[in-house]
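A.B. asks: Encoded as structure tokens, here's the structure I'll be asking about.
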Amino acid sequence: MRAPPLIAGNWKKFGRLADLAELDRLAAAFGAKAAVQIVLCLPATLLAMGAARARGAIALGAQDCDARSDGAHTGDISAAMMADAGAEFVILGHSERRRDHGETNETVAAKAKAALAAGLTPIICVGETLEDRQAGRAEAVVVGQAIASLPLEGAGQCVLAYEPVWAIGTGLTPSASDIEAMHHAVKSALAARFAGAWDGRVLYGGSVNPKNAEEIFRVAGVDGALVGAASLKSAEFGAIIRSHPLYEAN
Ligand code: PGA
């Protein structure tokens, strides 16, 4: 069976305990809507408490994990710890981590391997810079990142998120035809690379909001969205979820 569309929120480095009231509202509103899978990726500090509050109605994700297992690595959090705290997903290789922490495709692939071993579903982010796009190499860059960031084993269990760096937090989005072309390029390349064994979901991310979400969801090859700023408030995130063509109210 084809996996359902996935709409994932990414709170980034925002959120205090009091903000879990937003999660309560989401869980109350969207508990049983199986046609669209909803995930909220919380800061690590809120995961365990969030899991107690979400009670399975909304799946939770972490925003990163260490590639190594538990050990003497001060300040790092292993994939198994994230899973223990209640995460089912983990965002990996977000462009902010590639930029702020120098994460390479190889780092991301190693983290994805650890995440899979801990039972987490990695949401692996890839995306071109504006410079790449203007130079006409966006597809080559994104396909290259996708192939090198997926772990060799278990690639088919990973979700990819195409997030143009220039679209994140800027209010800018690529045209529908550019999104379609990129999703098609990535899916064909991965099917070829993994000998047809790759049939995973590819999300779009970057300035998704309640106004543009439906148009983006209707683009061929788009299997959902990764939403940053607009996921912080349940009203906005909820409006994005409801705008998915497969979403059905109870
Ligand atoms: P944005 O962020 O929706 O705020 O642009 C998306 C992301 O970085 O995942």
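A.B. asks: Quick check, is Ala79 of a type in the set (A, V, I, L, M, F, W, C), more than 21 Å from Gly50 (Cβ to Cβ) and either crowded, with 18+ Cβ neighbours inside 10 Å or away from the ligand (no atom under 16 Å from the Cβ) (or both)?
C.D. replies: no
A.B. asks: Now a separate question. Which members of the range 43-69 meet the condition of being of a type outside the set (Ser, Thr, Tyr) and touching a residue at least 40 places away in the same chain (Cβ under 8 Å)?
C.D. replies: Answer for the range 43-69, where residues must be of a type outside the set (Ser, Thr, Tyr) and touching a residue at least 40 places away in the same chain (Cβ under 8 Å): Ala44, Leu47, Gly61, Ala62, Gln63, Asp64, Cys65, Asp66, Ala67, Arg68.
A.B. asks: Between Ala140, Ala85, Ala155, which is surrounded by 14 or more Cβ atoms within 10 Å (Cβ to Cβ), more than 16 Å from the ligand (Cβ to nearest atom) and without any contact (Cβ under 8 Å) to a residue 12 or more places away in the chain?
C.D. replies: From the options Ala140, Ala85, Ala155, the qualifying one is Ala140.
A.B. asks: Here is a list of conditions, (1) of a type in the set (A, V, I, L, M, F, W, C); (2) in contact with a Lys or Arg (Cβ under 9 Å, 6 or more places away or on another chain); (3) surrounded by 24 or more Cβ atoms within 10 Å (Cβ to Cβ), and Trp198 meets all of them except one; can you say which number that is?
C.D. replies: Looking at each condition in turn, Trp198 falls short on (3).
A.B. asks: Given the structure, is Leu226 closer than 24 Å to Asn105 by Cβ, touching a Phe, Trp or Tyr at 6+ places or on another chain (Cβ under 8 Å) and crowded, with 21+ Cβ neighbours inside 10 Å?
C.D. replies: It is true that Leu226 is closer than 24 Å to Asn105 by Cβ, touching a Phe, Trp or Tyr at 6+ places or on another chain (Cβ under 8 Å) and crowded, with 21+ Cβ neighbours inside 10 Å.
A.B. asks: So which residues in the range 127-137 are farther than 20 Å from Ser188 by Cβ, part of a loop (DSSP other than H, G, I, E, B) and touching a residue at least 12 places away in the same chain (Cβ under 8 Å)?
C.D. replies: Passing the criteria: only Thr129.
A.B. asks: Report whether or not Ala54 is over 18 Å from the mean Cα position of the chain (by Cα), surrounded by 17 or more Cβ atoms within 10 Å (Cβ to Cβ) and more than 18 Å from Ala249 (Cα to Cα).
C.D. replies: The answer is yes for Ala54.
A.B. asks: If I filter the range 202-221 down to residues being surrounded by fewer than 21 Cβ atoms within 10 Å (Cβ to Cβ), assigned to a loop (DSSP other than H, G, I, E, B) and touching a residue at least 12 places away in the same chain (Cβ under 8 Å), which single residue comes out as nearest to the ligand (Cβ to nearest atom)?
C.D. replies: Here the residue is Asn209.
A.B. asks: Is there a residue in the range 239-249 that is in contact with a Ser or Thr (Cβ under 8 Å, 6 or more places away or on another chain) and among the aromatic types (Phe, Trp, Tyr)?
C.D. replies: Taking every residue of the range 239-249 in turn, none turns out to be in contact with a Ser or Thr (Cβ under 8 Å, 6 or more places away or on another chain) and among the aromatic types (Phe, Trp, Tyr).
A.B. asks: Please work out which residue is nearest to Gly228 (Cα to Cα), limiting yourself to the range 173-193 and to residues that are among the aliphatic types (A, V, I, L, M) and out of contact with any Leu (no Cβ under 9 Å at 6 or more places or on another chain).
C.D. replies: Per the criteria, the residue is Ile179.
A.B. asks: Can I ask one more? Only one of (1) surrounded by fewer than 22 Cβ atoms within 10 Å (Cβ to Cβ); (2) in a helix (DSSP H, G or I); (3) away from the ligand (no atom under 11 Å from the Cβ) fails for Met182. Which number is that?
C.D. replies: Of (1) surrounded by fewer than 22 Cβ atoms within 10 Å (Cβ to Cβ); (2) in a helix (DSSP H, G or I); (3) away from the ligand (no atom under 11 Å from the Cβ), only one is false for Met182: (1).
Any read-out appearing in this document is the output of simple, stated calculations on the displayed coordinates, not a laboratory observation. Since we're looking at a predicted model, the values are computed, not measured. Glycine also receives a Cβ, built like all others from the backbone with ideal geometry; neighbour counts cover every protein chain displayed.
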